[in-house]
Amino acid sequence: MRSRAIIGLSILAVLIFLLYELREVMLPFVAGLALAYLLDPLADRLERLGLGRLAATLLILAGFVVGFVLLLIIVVPLAAGQIASLVNALPTMVGKLQSILVERAGPLLQRVGGTEVVSELQSSVGTLVGQGGTWFLAFLKSLWTGSQALVSIASLLVVTPVVAFYVLHDWDRMIATLDSWVPPRHRPTARRLAGEIDGAVTGFVRGQSLVCLILGSFYAVGLFLVGLNFGVLIGMISGLLTFIPYVGTLTGFMLSVGVALVQWWPSGDWLHIGLTIGVFLVGQFLEGNVISPKLVGDSVGLHPVWLMFALLAFGSLFGFLGLLLAVPVAASIGVVVRFGIERYLESRLYRGEEPVLIMDRDK
């Protein structure tokens, strides 16, 4: 048992080392593998309808590529225009927000702590906004350099569909080969763990992707109807970041309230400010009580804190490649830990039983 553990840990250490050293060139291959994994159930369904595996693979990937190209043509220019407008308007918005805070809270703070407190408030808001923008740009830069240092966007777009095609076409054969490598007496346990890991990963990724799409659309449409400046962009950002628990809602809420205060507070329009807040309150209620329980469920087994740690840690170490690996690795570790705890609770060590010694009658 000890030698098996040493061998397993050694293999794991080598894999982590290779993944870290080759992280710049691994992204298209990991992305293609992830794409094939997510599309395999659809290929199996098309096979059951009578299509061959090759035809099903070609049809699925062709549809995915067409949809992705249309997304780039329609959504990206709109988002890029909104982002450029927001970046240009951000200094003016920050200045207005500072003046609003000083105007409304200044007299109270001046009575409590004097004029120095007011000046410190004004400078601290600007410093906080500047540091937040610097951190966000540094984070984006780390993702870019960590995932695209040696691999250009063109190679990513070309290599990933090719890898996905071959992996999706040979997926069932690959799984059967891996299953044959497991010792026969350990196959039931290995299949059980693999099934639990597959259920956790697919349940979270597919379910949470639908949650992001639904909430992003809801926030974008709601903020647009309210009339908030950059409402569509803020809704899209909030929906995209919903993949990280609580981060998407908090980010969208803070951005929306800040923009709403700058846009409507000087005119005393509290109705639209309240409607902006109401959009996120309704969205959070729907996510927590209707959307997430129906689409994700409670059987995924990924605690929000553990998931946030995995996303941030893997994103910091491996860039965008780490973001792709964070969920399956976190789900796998969670399944293995729960399995280990289950075996421990069934063991003599936990129950406090003495091992049974079998004496040799010939001695």
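The values are calculated or read from the model by the stated rules, or taken from the named source; none is laboratory data. As the structure is a prediction and not an experimental result, all values here were calculated from the model. The protein model used for the area step is the full one, side chains on, heavy atoms only, and it has no ligands, DNA or RNA in it. Shrake-Rupley method; radii C 1.70, N 1.55, O 1.52, S 1.80 Å.
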Accessible area of residue 341, 1.4 Å probe, to the nearest 10 Å²? 90
Judged on accessible area alone, 1.4 Å probe, highest first, 24, 346, 47 line up as 346, 47, 24
Largest first, how would 324, 58, 35 line up by accessible area (1.4 Å probe)? 58, 324, 35
Write down Rg/Rh for segment 249-295, rounded to two decimals, with Rg from the C-alpha atoms and Rh from the Kirkwood relation over Cα pairs. 1.11
Can you list residues whose amide H is under 5 Å from residue 242's amide H, if they're 5+ apart or on another chain and H is modeled 1.01 Å from N? 248
Does segment 262-322 come out rounded, prolate or oblate by the C-alpha gyration tensor, with a ≥ b ≥ c the root eigenvalues, rounded set by a/c under 1.5 and, if not, prolate when a/b is larger than b/c and oblate if not? oblate
Descending principal axes extents, segment 210-308, alpha-carbon based, whole Å: 49, 21, 18
Could you give the length gained on full extension between residue 337 and residue 182, defined as 0.36 nm per residue of separation minus the Cα-Cα distance, in nm? 53.8 nm
Computed over all unlike Cα pairs, the Kirkwood hydrodynamic radius of segment 223-272 in Å stands at 11.1
